[in-house]
Amino acid sequence: AAFLLFSAYLDEVRNYTGEVLHVDLSKPTVFVAGLLGAMLVFWFSSLAMTAVRKAASSVITEVRRQFREKPGIMQGTDEPDYGTCVDIVTVGALKAMVLPGALVVLFPVVVGIVFKHFGNTGAEHIGAEAVAALLMVGTIAGILMAGFLNNGGGAWDNAKKYIETGVYGGKRSDAHKAAVVGDTVGDPFKDTAGPSLHVLVKLLSTITLVLAPLFI
């Protein structure tokens, strides 16, 4: 779908300019725009995983508070406050994704407008060409990164389960402790950053297609 939207973006530029847009990565301006597209993928992934860490830290703080104030939770005589933990996770997730969401929407717009006015002034339609490079390289980097995060996170998760079957010393062994750490990192890889990159790639294509006239 992303490649079809990229072709649609080129067609949209051609409809407005009457010329076929060629993306020449040998131009420094276009190359830098493509580099920014790849950078966006890594930036977005880091923000998504940082959001998981912050939400988890908030939940840990709340759980420790409940254990201090209600010692009977461990003995089963006091009821934990589940609602507060759910609220912390929900609010934290919504707040933490404001910046990544705004980044995906605004980043191609800013790149297109800036390169249009301050890029290589001798090149025609340099803004549209720069956005095309950002979209093309960002799509390639996003697909590769999503595959890495999904498969890497799944491998770490399954490694822990495999060790728990009794191999490499089984549970409570050093190998199992290392696998637990890997699973802790792998979960946000395969459940947060990896799937969200698919949204990033499609949204980049949609935003550039709709706002193509701004870059010409």
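Every number in this text was worked out from the coordinates using simple rules, so none of it is lab data. As the structure is a prediction and not an experimental result, all values here were calculated from the model. Positions of Cβ are backbone-derived with ideal geometry, glycine not excepted, and every protein chain shown enters the neighbour counts.
Might you report the magnitude of the Cβ-based charge dipole of region 58-187 about its Cα centre, with Lys and Arg at +1 and Asp and Glu at -1, to the nearest 20 debye? Present the calculation step by step, with values, prior to reporting the outcome.
Details: 11 positive and 13 negative charges, 59 e Å.
Approximately 280 debye in magnitude.
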Completion exercise
Taking the dipole of region 20-177 about the Cα centre (Lys, Arg +1; Asp, Glu -1; charges at Cβ), the one of SER173, MET39, PHE67 that reaches farthest to the positive side is SER173
Problem - Global form of region 60-180, assessed from the alpha-carbon gyration tensor, a/c cut-off 1.5 - result: oblate
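Please get the size of the charge dipole for region 13-123, origin at its Cα centre, with Cβ charges of +1 on Lys and Arg and -1 on Asp and Glu, quoted in debye to the nearest 20. Could you put the intermediate results ahead of the total?
Working: 10 positive and 8 negative charges, 63 e Å.
Charge dipole of region 13-123: 300 debye, to the nearest 20.
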Completion exercise
Using alpha-carbon coordinates alone, the radius of gyration and Dmax of region 79-118 in Å work out to 18.0, 62
Exercise for the section: Determine the dipole magnitude for region 116-206: charges of +1 sit on the beta-carbon of Lys and Arg, -1 on that of Asp and Glu, nothing else is charged, the reference point is the Cα centre, and the result goes in debye to the nearest 20. Expected result: 260 debye
Practice task
Could you calculate the FRET efficiency of VAL32 with VAL105 from 1/(1 + (r/R0)^6), where r is the beta carbon distance between them and R0 is 22 Å, rounded to 0.05?
Solution key: 0.60
Problem - Helix 174-188 axis, angle to the chain major axis (alpha carbon atoms, nearest 10°) - result: 40 degrees
Exercise for the section: Report, in degrees rounded to the nearest 10, the 0 to 90 angle that the Cα long axis of helix 194-210 makes with the longest principal axis of the chain. Expected result: 30 degrees
Practice task
Calculate the radius of gyration of the Cα atoms of region 41-104 to one decimal place, then report Dmax, the largest Cα-Cα distance, as a whole number, both in Å.
Solution key: 15.2, 48
Exercise for the section: Restricting things to alpha carbons, find the Rg to Rh ratio for the chain using the Kirkwood radius for Rh. Expected result: 1.15
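Using the Kirkwood formula on the Cα atoms of region 1-110, what hydrodynamic radius do you get, in angstrom to one decimal?
On the way: mean 1/r = 0.0550 Å⁻¹.
Averaging 1/r across every pair of different Cα atoms and inverting gives 18.2 Å.
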Practice task
Would you calculate, for the chain, the mean residue ellipticity at 222 nm contributed by helices, counting each DSSP H stretch of 4 or more residues as -39,500 (n - 2.57) and dividing by all residues, to the nearest 500?
Solution key: -26500 deg cm²/dmol
Exercise for the section: Label region 20-61 by shape, choosing from rounded, prolate and oblate, from the square roots a ≥ b ≥ c of the eigenvalues of the Cα gyration tensor; if a/c is under 1.5 it is rounded, and otherwise prolate applies when a/b is larger than b/c, oblate when it is not. Expected result: prolate
Fill in the blank from the handout: Taking alpha-carbon centroids only, region 162-216 lies from region 20-85 a number of Å equal to 11 Å
Handout entry: Shape category assigned to region 82-146 from the gyration tensor of Cα positions, a/c cut at 1.5
Key = oblate
Handout entry: All-pairs Cα distance distribution in region 137-192, expressed in whole percent, bin size 5 Å
Key = 5, 23, 22, 17, 13, 9, 5, 4, 2
Exercise for the section: Can you tell me how much longer the chain between ARG65 and TYR162 gets when fully stretched, taken as 0.36 nm per residue apart minus their C-alpha distance, in nm with one decimal? Expected result: 31.5 nm
